[in-house]
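Take a look at the structure below.
The values are calculated or read from the model by the stated rules, or taken from the named source; none is laboratory data. Note that the structure is predicted; figures quoted are calculated from it, not measured. A quick note on method: Cβ atoms are made from the backbone with ideal geometry, for glycine too, and the neighbour counts reach across all protein chains shown.
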Amino acid sequence: MAVILPWFETLPGAALVLGVKVKGGAMAISGLLVLFISLIAISAIRELDVECGCFSGVERTVGWQAITEDTVMLAGALFLLVLDRIKLTPQRIFSQPKEIPRRK
């Protein structure tokens, strides 16, 4: 599972960044975040002293801070899932706006 999970996180994340299959990527990220929030909450309620493993190189135990951070990320993923009409792709963000022809 530890070998597959990073790829399952990376592919939907890349889809969101590249603007390809945004709705599917947001749905996958939302599902993962709900799973992570549930697991962290169960560990926090049971007062287990386990490392979160959220980011490599950062030593952090499970707790309410991790739940809050994941909830904020979930809100962003749900925003993209609900409002997928907004095209937040790098091409659209960094492209020059088209000039509107004016009538004389």
Checking Val17 against (1) modelled with pLDDT under 90; (2) surrounded by 14 or more Cβ atoms within 10 Å (Cβ to Cβ); (3) under 18 Å from Val72 (Cα atoms), which test does it fail?
(2)
Count - residues of segment 67-97 that are modelled with pLDDT of 85 or more, out of contact with any Phe, Trp or Tyr (no Cβ under 8 Å at 6 or more places or on another chain) and not hydrophobic (A, V, I, L, M, F, W, C):
4
